[in-house]
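Data block below; observations after.
Bear in mind that the values in this text are calculations on the coordinates, not laboratory data. On a predicted model such as this, the values are computed, not experimentally measured, just so you know. We place every Cβ from the backbone using ideal geometry, glycine too, and count neighbours over all the protein chains shown.
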Amino acid sequence: MTWPQYLRHECTAWGFRVRLSRLQTAVLAVLLMRFPAPVPVADIVEATWPDEEPDNSITRVAELIGELRRKLGGFHIIARPGFGYQLQQARTAS
């Protein structure tokens, strides 16, 4: 995701432009900034709702991750129990 793509709420996946919501963009940006390390859910919540966290923020993060998986491909974002979520680099055939 480039800075202009971030501002337009989009990214490129598999050569296609993918439109994202503001919240999906925030979640993907924090995952990209921390790549390859896992990101704790609390950090995703803080980055996504910096002013006031909603009561169901942990559930909402899981929903946003699910939405991103559907748009980008499920294997790119993995859950790391006890650690949070992590982007996984696509494997290339060699």
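Compute the Cα gyration tensor for segment 5-48, then decide on rounded, prolate or oblate, letting a ≥ b ≥ c be the square roots of its eigenvalues: rounded whenever a/c is under 1.5, prolate when a/b is larger than b/c in the other cases, and oblate in all that remain.
The shape class here is oblate.
Stretch Asp55-Phe35 to full length: gain in nm at 0.36 nm per residue minus the Cα-Cα span?
Once the chain is fully extended between Asp55 and Phe35, it gains 4.5 nm.
For the pair Arg19 and Ile78, what calculated FRET efficiency results from E = 1/(1 + (r/R0)^6), where r is the Cβ-Cβ distance and R0 = 25 Å, to the nearest 0.05? Mind dumping the intermediate values first?
Working: r = 23 Å, r/R0 = 0.93.
It comes out at approximately 0.60.
Enter the angle in degrees (range 0 to 90, nearest 10) between the Cα long axis of helix 22-34 and the first principal axis of the Cα atoms of the chain, meaning the one along which they spread out most.
The answer is roughly 70 degrees.
Rounded if a/c is under 1.5, else prolate if a/b beats b/c, else oblate: with a ≥ b ≥ c from the C-alpha gyration tensor eigenvalues square-rooted, which is the chain?
oblate
Would you look at the GNM of the chain, springs on alpha carbons closer than 10 Å, and say which of Phe16, Phe35, Phe83 moves the most?
Phe16
Would you mind calculating the relative contact order of segment 22-87 from Cα pairs under 8 angstrom and at least 6 residues apart, reporting the percent as a whole number?
Relative contact order of segment 22-87: 44 percent.
Using only the alpha-carbon atoms, how far is helix 57-72 inclined from the longest principal axis of the chain? Give it as 0 to 90 degrees, nearest 10.
Taking Cα atoms only, the helix is inclined about 10 degrees.
Compute, for the chain, the length of the dipole vector about the Cα centre, with Cβ point charges of +1 (Lys, Arg) and -1 (Asp, Glu) only. Units Debye, rounded to 20.
Roughly 620 debye, rounded to the nearest 20.
For each of Thr59, Thr25, count neighbouring Cβ atoms within 10 Å of the residue's Cβ, then give the residues from fewest to most.
Listing Thr59, Thr25 from fewest to most nearby Cβ atoms yields Thr59, Thr25.
Kindly put Tyr85, Tyr6 in sequence by how many other C-beta atoms sit within 10 Å of each C-beta, fewest to most.
Tyr6, Tyr85
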